[in-house]
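Asks: My questions will all concern the structure given below.
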Amino acid sequence: MSFTVATETPLSDDVRALVSALNTWALDQTPREFTHHMTVDQMAQADTTVFIARDASGKAIGMGALKRHRDGLGEVKRMFTQPDARSGGLAGQIVAKIESLARQEGLQRLALETGAVPAFAAAWRVYERAGFKRCDAFLDYPPDSPHNIYYEKLLTE
């Protein structure tokens, strides 16, 4: 499957549909109190850049975002690929775009939170292939949660 990845506003209808699909899927896997979703409005803030993957017909099929925090920390947020577009390298390309932008901006570390149940195993593989390592909770995420796993990648190496 051919696709392109570019920065876009999250406020379009097809991106809103991706966010809704991600929220539905994630809430089927993880109790609500252990999900840490950004709303579309939060994704549209100046501290966040959203990457959208589109297939050859222009349909939005995947997304990911870079949220900037203080002290050189960038957070990977809202990673999702439509089920029929998985296993084609799309998620890895989105992560690479996020990392490239983070490096261009001089961020020192990327971190992320993801689910801890086996349904998230494909996501773990994407992050691990990109050089992320499991780490402790960061920011205000709950430590020792049985529902969350955390990853980080130092960009200063």
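Asks: Given (1) surrounded by 15 or more Cβ atoms within 10 Å (Cβ to Cβ); (2) modelled with pLDDT of 95 or more, identify the lone condition not met by residue 103.
Replies: (1)
Asks: Just give me the residues in segment 74-98 being touching a residue at least 60 places away in the same chain (Cβ under 8 Å), assigned to a helix (DSSP H, G or I) and more than 17 Å from residue 152 (Cα to Cα), in sequence order.
Replies: Passing the criteria: 85, 90, 93.
Asks: Quickly run through segment 41-73 and pick out the residues that are part of a loop (DSSP other than H, G, I, E, B) and either charged (D, E, K, R) or in contact (Cβ under 8 Å) with a residue 60 or more places away in the chain (or both). Explain how you work it out, then say what you get.
Replies: From segment 41-73, those part of a loop (DSSP other than H, G, I, E, B) are 44-47, 56-59, 69-72; that's our starting set.
Matches in segment 41-73: 47, 59, 69, 70, 71.
Asks: Let me ask something else. From the set of residues in segment 60-98 that are closer than 24 Å to residue 47 by Cβ and acidic (Asp, Glu), which is nearest to the chain's Cα centre (by Cα)?
Replies: The extreme case among them is 75.
Asks: Residue by residue through segment 6-24, note down the ones that are in a helix (DSSP H, G or I), touching a helix residue (DSSP H, G or I) at 6+ places or on another chain (Cβ under 8 Å) and not basic (Lys, Arg).
Replies: Step one: filter segment 6-24 for residues in a helix (DSSP H, G or I), giving 13-24.
Checking which are touching a helix residue (DSSP H, G or I) at 6+ places or on another chain (Cβ under 8 Å) leaves us with 15-16, 19.
If the condition is that a residue be in a helix (DSSP H, G or I), touching a helix residue (DSSP H, G or I) at 6+ places or on another chain (Cβ under 8 Å) and not basic (Lys, Arg), then 15, 19 are the ones that fit.
Asks: I'd like the full set of residues that are basic (Lys, Arg) and either touching a strand residue (DSSP E or B) at 6+ places or on another chain (Cβ under 8 Å) or under 23 Å from residue 93 (Cβ atoms) (or both), limited to segment 12-55.
Replies: Taking segment 12-55 first, the residues basic (Lys, Arg) are 16, 32, 54.
Of everything in segment 12-55, those that are basic (Lys, Arg) and either touching a strand residue (DSSP E or B) at 6+ places or on another chain (Cβ under 8 Å) or under 23 Å from residue 93 (Cβ atoms) (or both) turn out to be 16, 54.
Asks: Right, something else. Select from segment 108-157 the residues that are touching an Asp or Glu at 6+ places or on another chain (Cβ under 7 Å) and without any contact (Cβ under 8 Å) to a residue 24 or more places away in the chain and write down the one among them that is surrounded by the most Cβ atoms within 10 Å (Cβ to Cβ).
Replies: By that ranking, first place goes to 132.
Asks: Give, as residue ranges, the strands (runs of 3 or more DSSP E) completely inside segment 99-157 that count at least 2 residues that are in contact with a Gly (Cβ under 9 Å, 6 or more places away or on another chain). First the steps, then the outcome.
Replies: Numbers: elements: 109-115, 133-135, 148-154.
Hits in segment 99-157: 109-115, 148-154.
Asks: Can I ask one more? How about segment 38-84: which of its residues are farther than 18 Å from residue 141 by Cα and in contact with a Gly (Cβ under 7 Å, 6 or more places away or on another chain)?
Replies: Passing the criteria: 51, 53, 80, 81, 82.
Asks: Look at residue 76 and say whether it is within 26 Å of residue 147 (Cβ to Cβ) and not charged (D, E, K, R).
Replies: yes
Asks: Moving on to the next point. Filter segment 21-65 for residues that are among the acidic types (Asp, Glu) and farther than 16 Å from residue 114 by Cα and give the result. Lay out the reasoning, then the answer.
Replies: In the first step, residues of segment 21-65 are kept if they are among the acidic types (Asp, Glu); the result is 28, 33, 41, 47, 55.
Scanning segment 21-65 gives 41, 47, 55.
The values are calculated or read from the model by the stated rules, or taken from the named source; none is laboratory data. Just so it is clear, the model here is predicted, and its values are computed rather than measured. Here Cβ is always computed from backbone atoms with ideal geometry, including for glycine, and neighbour counts include all displayed protein chains.
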